[in-house]
Amino acid sequence: MNMTETRETAAQPPETEKEILLDIQNLKTYYPIKGGFLKRTIGNVKAVDDINIQIKKGETMGLVGESGCGKSTTGRTILRLLTPTEGKILFDGKDITKIKGNALRKARQDFQMVFQDPYASLNPTQSVGDIISEPIRNYRRVSKKELKPEILELLGRVGLPAEAYDKYAHEFSGGQRQRIGIARALALKPKLIVADEPVSALDVSVQSQVLNLLKELQDEFDLTYLFIAHDLSVVKHMSDRIGVMYLGNMVEVADNKSLYAEPLHPYTQALISAIPEADPKKRKERIVLQGDVPSPANPPSGCPFHTRCPMAKAECAEIKPALKEVKPGHHVACILY
Amino acid sequence: MVNVTADSNKSQEKTINMSPWAIARRKFLRNKLAMISSFFLLTVIIISFLAPFITTADISKVNIMQMTLEPSGDHWLGTDKSGRDVFTRLLYGGRVSLLVGMACTALVVLFGTIVGSIAGFYGGIVDSALMRFTDFVLNFPFLVFVIVLSAIFRGYVDGLTILIVVISLLSWGGVARIVRSKILAEKENEYILASVSIGCKPSKVIIKHLLPNVLSTIIVQSTILFAGLIVAESGLSYLGFGVPQTIPSWGNMLSASQESDVLANKPWIWMPPAIILTITILSINFIGEGLKDAFNPKSNR
């Protein structure tokens with residue numbers, strides 16, 4: 001398949017002296033649809049359908065796409081909160097695709113998640129101190145008291161006052177809660193953090209604070225991010241490289257600059273044309289996509305995007321284009337290139 | 001008006017830095033009906049369990065000289081057909097009835113919670129198997145089963161123990177179903193996913209993250225269950241299949257009213273257990289209601 005070729009080239013660009021931290025190969029995550037009298041599997045929702053991602057140490061990889069395109073599923077599968085149907089996840093050289101139980105629990109120390117909903121992602125019966133010290137106490141035998149200085153330092157680092165230690169999550173605002181969630185993810189000093197739409201539930205004014213905090217922490221703790229969002233301007237602010245997903249497929253991967261300057265895939269072009277412009281005098285052509293996203297349970301034949309693509313040709317319905325490098329570091333899955 | 005808003009402001013301020021439990025406790029303490037009920041129940045419990053220190057009359061000794069006496073200075077609530085002091089038997093009976101109720105509730109809640117939470121958390125085949133088993137147990141005809149089992153074991157094991165075990169074994173199904181449904185809803189929250197991702201073992205996820213968040217339901221359920229199980233004990237004892245006749249319980253005392261002469265002409269023999277039973281059950285239910293309100297974040301009573 002074309003995929004292997006893509007992978008090799010992706011590993012070679014000039015600035016790739018850095019090690020690859022996360023290597024995802026042909027990842028597929030399907031949700032079975034059960035039906036009928038005996039609850040047999042009668043179909044699959046192909047939430048993630050054959051994607052490849054490589055993330056280098058210290059890099060931020062952005063992942064964008066519409067709601068329901070499989071971004072979150074991808075993130076959760078990478079963290080093994082879901083079990084992939086097929087494919088391989090190599091984290092720091094180790095294959096974590098199939099590990100289970102205690103081995104998986106041990107491996108989790110190195111990759112953590114920041115969740116989307118700051119209200120639902122914190123246990124309402126735990127105090128903030130408990131929430132943040134819990135990950136550490138899952139792996140180390142230490143008393144809460146011994147840990148307290150460490151936790152207070154973390155609280156300070158994410159911009160929360162020391163008094164927060166004894167409070168409960170319901171006493172904080174959305175942005176502060178998200179800081180608690182970030183502190184919890186940081187507590188284990190992980191190598192990778194998957195941030196699943198960490199600011200989409202927040203006020204715009206608070207969004208940038210949280211984003212800047214994430215950026216500062218990245219330098220300080222040497223973090224690698226997989227940053228999932230549906231807001232292109234947020235991703236642009238955060239990411240070194242960006243992957244665009246559509247219906248469980250990766251349609252375009254490029255570094256930040258070239259993706260915005262020169263989007264190649266018709267879907268990416270449509271997405272980027274939808275970013276609001278601050279300057280009202282600047283007119284630009286907005287590409288409005290027709291129709292709805294097809295059901296991932298019954299994806300279209302050929303290119304998944306051909307049903308809505310303004311540039312679709314007859315053969316698009318037959319050939320499913322593979323992701324290939326058309327310019328250095330710029331990969332696109334479209335037969336036009 | 002001004003006062004009211006000031007007061008609610010004050011209560012708002014006070015909830016700061018309080019755990020959800022502390023908030024619930026405050027709400028409960030303000031609920032008059034529930035507080036009166038708790039006070040009453042506590043009194044009944046304390047007096048019952050202190051019975052040996054309160055009266056010295058013998059509960060089992062038959063006294064032919066003092067049969068069916070009306071209430072008097074010597075016998076505050078009169079004597080029954082065997083000449084035993086009704087007041088004394090009421091106290092000792094309360095001890096047994098409450099003990100059976102508490103023991104059964106504890107066992108039922110423990111077993112129901114274990115089954116329900118495992119079924120709800122793991123889902124899939126584990127869930128199906130456990131819930132079909134629960135349905136199976138719930139389908140046993142309660143009365144017939146208790147009668148048969150207590151008939152089989154009578155004489156081998158202590159009658160009271162059998163009663164407690166048999167009632168508990170047949171009653172946990174409801175709790176298991178409720179806990180399962182609550183856990184199913186609760187585990188969809190992202191904090192459960194978060195607890196997995198920070199490395200909690202499944203047992204820890206259930207015990208530390210899921211159960212505290214469904215505990216309010218379990219507590220409310222167990223108060224209602226407590227009332228129901230006291231009634232179950234009394235009903236069985238009334239029919240003669242519950243607590244052995246030699247041990248006084250409220251149900252056993254009530255069974256005297258099976259005789260129409262006692263029912264019609266000697267109310268002091270059966271009225272006291274009936275009244276105390278009714279009020280106890282009522283107050284337990286009021287407490288249950290109070291707890292339900294206290295745990296409900298939307299209620300502002």
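The values are calculated or read from the model by the stated rules, or taken from the named source; none is laboratory data. Quantities reported herein were computed from a predicted structural model and do not represent experimental measurements. With ideal geometry, Cβ positions are generated from the backbone for all residues, glycine too; neighbour counts draw on all protein chains shown. Keep in mind that these areas ignore ligands, DNA and RNA; they rest on the heavy atoms of the full protein, side chains included. Shrake-Rupley method; radii C 1.70, N 1.55, O 1.52, S 1.80 Å.
Taken as a whole, the structure leaves A:ASP203 outside the set of residues that are away from every other protein chain (no Cβ under 14 Å), surrounded by fewer than 17 Cβ atoms within 10 Å (Cβ to Cβ), touching a residue at least 60 places away in the same chain (Cβ under 8 Å) and farther than 19 Å from A:ILE132 by Cβ. In the stretch A:235-248, is there at least one residue being surrounded by fewer than 17 Cβ atoms within 10 Å (Cβ to Cβ) and over 21 Å from A:ILE51 (Cα atoms)? The answer is no, given that none of the residues of the stretch A:235-248 is surrounded by fewer than 17 Cβ atoms within 10 Å (Cβ to Cβ) and over 21 Å from A:ILE51 (Cα atoms). How many residues, within the stretch B:178-196, are within 13 Å of chain A (Cβ to nearest Cβ) and either more than 21 Å from A:THR73 (Cα to Cα) or surrounded by 18 or more Cβ atoms within 10 Å (Cβ to Cβ) (or both)? Within the stretch B:178-196, residues that are within 13 Å of chain A (Cβ to nearest Cβ) and either more than 21 Å from A:THR73 (Cα to Cα) or surrounded by 18 or more Cβ atoms within 10 Å (Cβ to Cβ) (or both) number 10. A:GLY243 meets each of the listed conditions (1) modelled with pLDDT of 90 or more; (2) under 26 Å from A:LEU81 (Cα atoms); (3) in contact with a Pro (Cβ under 7 Å, 6 or more places away or on another chain); (4) not β-branched (Val, Ile, Thr) apart from (3).
Screening B:THR68, B:THR88 for residues that are part of a helix (DSSP H, G or I) and either free of Cβ contacts under 8 Å to residues at least 60 places away in the same chain or open to solvent by 30 Å² or more (accessible area, probe 1.4 Å) (or both) leaves exactly one candidate, B:THR88.
Evaluating B:ILE192 against the criteria (1) on the phi < 0 side of the Ramachandran plot; (2) outside any helix (DSSP H, G or I) leaves one unmet condition, (2).
Quickly run through the stretch A:29-48 and pick out the residues that are under 15 Å from the mean Cα position of the chain (by Cα) and either of a type outside the set (Val, Ile, Thr) or not in a strand (DSSP E or B) (or both).
A:ALA47
When the test is whether a residue is more than 9 Å from chain B (Cβ to nearest Cβ) and surrounded by fewer than 17 Cβ atoms within 10 Å (Cβ to Cβ), A:VAL142 passes it. Residues that are among the basic types (Lys, Arg), within 14 Å of chain B (Cβ to nearest Cβ) and touching a residue at least 24 places away in the same chain (Cβ under 8 Å) are absent from the stretch A:152-163. Identify all residues within the stretch B:222-242 that are under 16 Å from B:ILE287 (Cα atoms) and open to solvent by 50 Å² or more (accessible area, probe 1.4 Å); write none if there are none. Of everything in the stretch B:222-242, just one residue is under 16 Å from B:ILE287 (Cα atoms) and open to solvent by 50 Å² or more (accessible area, probe 1.4 Å), namely B:ILE224.
Of the listed requirements (1) touching a residue at least 12 places away in the same chain (Cβ under 8 Å); (2) more than 14 Å from every other protein chain (Cβ to nearest Cβ); (3) of a type in the set (D, E, K, R), B:ASP127 misses just one: (2). With respect to the conditions (1) surrounded by fewer than 19 Cβ atoms within 10 Å (Cβ to Cβ); (2) more than 10 Å from every other protein chain (Cβ to nearest Cβ), B:VAL175 lacks only one, and its number is (1).
Pairs linking a residue in the stretch B:198-219 that is farther than 15 Å from A:ARG105 by Cβ to a residue that is outside any helix (DSSP H, G or I) and among the basic types (Lys, Arg), with Cβ atoms under 8 Å and 6 or more positions apart or on different chains, are B:LEU210/B:LYS187. A Cβ distance below 7 Å, combined with a sequence gap of six or more or placement on separate chains, defines the contacts here; from the stretch A:68-79, residues that are within 11 Å of another protein chain (Cβ to nearest Cβ) and in contact (Cβ under 8 Å) with a residue 40 or more places away in the chain reach residues that are in a helix (DSSP H, G or I) and open to solvent by less than 20 Å² (accessible area, probe 1.4 Å) in the pairs A:LEU79/B:SER197. Scanning the stretch A:206-229 for residues that are crowded, with 19+ Cβ neighbours inside 10 Å and either assigned to a loop (DSSP other than H, G, I, E, B) or touching a Leu at 6+ places or on another chain (Cβ under 6 Å) (or both) yields a total of 3. Taking the criterion of being more than 7 Å from chain B (Cβ to nearest Cβ), charged (D, E, K, R) and either crowded, with 21+ Cβ neighbours inside 10 Å or under 21 Å from A:LEU192 (Cβ atoms) (or both), the residues of the stretch A:98-137 that qualify are A:LYS98, A:LYS100, A:LYS106, A:ASP110.
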